[in-house]
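Student: Dropping a structure here in structure tokens format, bear with me for questions.
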Amino acid sequence: MRPQSKISSSWWDYTTLDPSIIRDAAKLTPADLLQLSRPGFTVTFYDSLEDFYLAEALEYIEAWRQATADNPVGICGPIGPTEQLPLVARLVNELEIDVSNAHFWGMDEWIGEDGKEVPLNHPLSFERADRKLCFNHIKSGFPESNLHFPAADTRRYIDSWNGTIRCAIMQGGQGDIKHWAFNDPPRREGQYLDSPPPAEEYRKLTTRVVDLHPVTLAQNARTSGGGNITMVPNQAVTVGPVETWQAEKVSIWQAGTHDNPLGQRLTAFMISNGIADSAVPMSLLADHPNVQFNYFTGGLGSCAVEMH
């Protein structure tokens with residue numbers, strides 16, 4: 001039987017791993033991280049935040065430049081990080097990028113107490129942030145029909161993945177609970193009381209409404225709500241592994257503002273070594289054919305004990 005979580009006995013999370021995995025990850029230096037690259041998994045460093053967020057924004061341009069009427073192409077992007085979004089709009093405007101055949105998928109959205117996706121006037125609305133920070137600033141306009149935001153009724157969103165639109169890149173950040181989008185660890189209950197779902201079973205999940213891990217609630221309160229956890233919904237709708245595996249490339253951006261020094265090392269270590277465990281959802285990307293982890297070197301920190 002796996003260890004009990006040190007965070008919540010009702011959930012799976014990284015504290016239920018074999019302790020040796022955590023010890024080995026904590027020892028990694030920045031130079032060690034770079035050495036984790038292997039075929040299908042690339043680790044890249046950026047020495048300034050300006051370079052980091054510009055590179056992230058350029059992935060939008062890379063995807064959208066491929067789009068034609070006969071070959072519509074899109075990118076799936078996160079809220080968290082967000083600093084790249086105004087840069088995307090500026091690049092589109094200055095380089096006069098034709099976005100008429102470009103597409104964008106939002107990764108996730110909050111679900112309110114009424115069981116529906118939160119409205120645009122909700123202060124934490126991800127769609128609102130995407131529009132306010134990026135799409136409202138594209139001078140040529142971005143086709144409304146080419147914007148795909150997930151909703152509680154997931155059918156239309158899922159259908160957008162199963163048509164003729166090619167997803168060149170799925171971006172993401174990494175949360176404290178080691179998720180991408182809101183693919184959080186599962187609850188520890190029922191048939192998963194003694195061990196979490198097998199990786200191959202978790203990867204069958206598609207876009208869906210999920211209950212959020214307590215760590216995810218606390219993190220979003222910290223990063224987006226001034227610490228006010230009462231304003232953070234308990235559920236969200238999230239893109240799933242099924243859609244993630246339809247993306248030609250998965251690009252994860254870690255500036256050090258979302259996950260901590262251990263987390264940034266742990267998932268890279270697990271992916272590099274092929275350790276896919278649904279208690280650490282990001283580790284499931286070990287089986288994706290093209291994953292890139294992007295780090296701001298100033299945000300890597302250290303796993304050494306430092307009392308404050």
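What follows draws every value from the coordinates through simple rules; no lab data is involved. The structure displayed is predicted, hence computed values, not measured ones. Positions of Cβ are generated from backbone atoms using ideal geometry, with glycine treated the same way; all protein chains shown enter the neighbour counts.
Student: Sorted from largest down, give the three principal axis spans of the alpha carbons of the stretch 163-308, whole angstrom values.
Tutor: Rounded to whole Å, the extents work out to 49, 34, 33 Å.
Student: Go ahead and estimate [θ] at 222 nm for the chain from helices alone: -39,500 (n - 2.57) per DSSP H run with n ≥ 4, summed, over the residue count, rounded to 500.
Tutor: Value at 222 nm, helices only: -8000 deg cm²/dmol.
Student: What stretch of the chain, leaving out the sites themselves, is the longest with no trypsin sites (Lys or Arg not before Pro) in a DSSP loop having at most 16 other Cβ atoms within 10 Å?
Tutor: 205-308
Student: Would you work out which of Phe126, Gln66, Ser20 lies farthest towards the positive end of the dipole of the stretch 6-131? Charges go on Cβ: Lys and Arg +1, Asp and Glu -1.
Tutor: Of the candidates, Ser20 comes out farthest on the positive side.
Student: What distance in nm separates the simple spin-label points at Thr206 and Gln66, each placed 7 Å from Cα in the Cβ direction?
Tutor: Simple spin-label model gives 2.3 nm for this pair.
Student: State the extension gain, in nm to one decimal, for the chain segment bounded by Asn136 and Gln246, taking 0.36 nm per residue of separation less the distance between their alpha-carbons.
Tutor: Between Asn136 and Gln246, full extension yields 36.8 nm more.
Student: Further question on the same structure: Could you compute the FRET efficiency for Arg90 and Thr297, with r as their C-beta to C-beta distance and R0 at 30 Å, rounded to 0.05? Could the numbers behind the result be given before it?
Tutor: Numbers: r = 25 Å, r/R0 = 0.82.
The value I calculate is 0.75.
Student: Below 8 Å between Cα atoms, with a sequence gap of 6+, how large is the relative contact order for the chain in percent?
Tutor: On the way: 614 pairs, mean separation 76.4, N = 308.
25 percent.
Student: List the extent of the Cα atoms of the chain along each of their three principal axes, largest first, rounded to whole Å.
Tutor: For the chain, the Cα extents along the three principal axes come out at 55, 46, 38 Å.
Student: Something else: Quick one: Cα centre-to-centre distance for the stretch 231-306 and the stretch 128-152, in angstrom?
Tutor: Going from one Cα centre to the other spans 25 Å.
Student: Using alpha-carbon pairs under 8 Å, 6+ residues apart, how would you state the relative contact order of the stretch 181-308 in percent?
Tutor: Working: 178 pairs, mean separation 35.0, N = 128.
Once normalised by length, the contact order is 27 percent.
Student: Taking Lys27 as the anchor, which aspartates and glutamates have their alpha carbon closer than 18 Å to its alpha carbon, excluding any fewer than eight residues away along the same chain?
Tutor: Within reach: Asp18, Asp259, Glu306.
Student: Any idea what the dipole of the chain comes to, in debye rounded to 20, about its Cα centre with Lys/Arg Cβ at +1 and Asp/Glu Cβ at -1? Working shown, then result.
Tutor: Working: 24 positive and 38 negative charges, 63 e Å.
Computed about the Cα centre, the dipole is about 300 debye.
Student: Turning to a different aspect of this structure: Taking DSSP loops as anything outside H, G, I, E and B, show the longest stretch in the chain free of GluC sites (Glu not before Pro) there with at most 12 other beta carbons within 10 Å.
Tutor: That would be 190-305.
Student: Roughly speaking, what is the stretch gain from Asn228 to Ser10, that is 0.36 nm per residue apart minus the C-alpha to C-alpha distance, in nm to one decimal?
Tutor: In short, 76.2 nm is gained.
Student: Something else now. Given labels modelled 7 Å from the Cα in the Cβ direction, how far is it in nm from Ser195 to Glu50?
Tutor: 5.2
Student: Working out 0.36 nm times the residue gap between Leu58 and Asn273, then minus their Cα-Cα distance, what length gain in nm do you get to one decimal?
Tutor: Value of the extension gain: 74.5 nm.
Student: Please turn the phi angles of the stretch 151-164 into ³J(HN,Hα) values with the Karplus equation 6.51 cos²θ - 1.76 cosθ + 1.60 (θ = phi - 60°), one per residue in order, whole Hz, x for glycine and proline.
Tutor: Once rounded to whole Hz, the list reads 9, 4, 7, 7, 4, 5, 5, 4, 4, 5, 7, 9, x, 9.
Student: Name the lysines eligible as straight-distance cross-link partners of Lys249: C-alpha to C-alpha under 20 Å, and not fewer than 8 places from it in the same chain.
Tutor: In chain and number order, the partners are Lys178, Lys204.
Student: Separate question: Would you mind computing the Rg to Rh ratio of the stretch 54-176 from its alpha-carbon coordinates, Kirkwood style for Rh?
Tutor: 0.95
Student: Here's something else I'd like to know. Given Cα pairs under 8 Å that are at least 6 residues apart, what percent is the relative contact order of the stretch 244-308?
Tutor: Rounded, it is 45 percent for the stretch 244-308.
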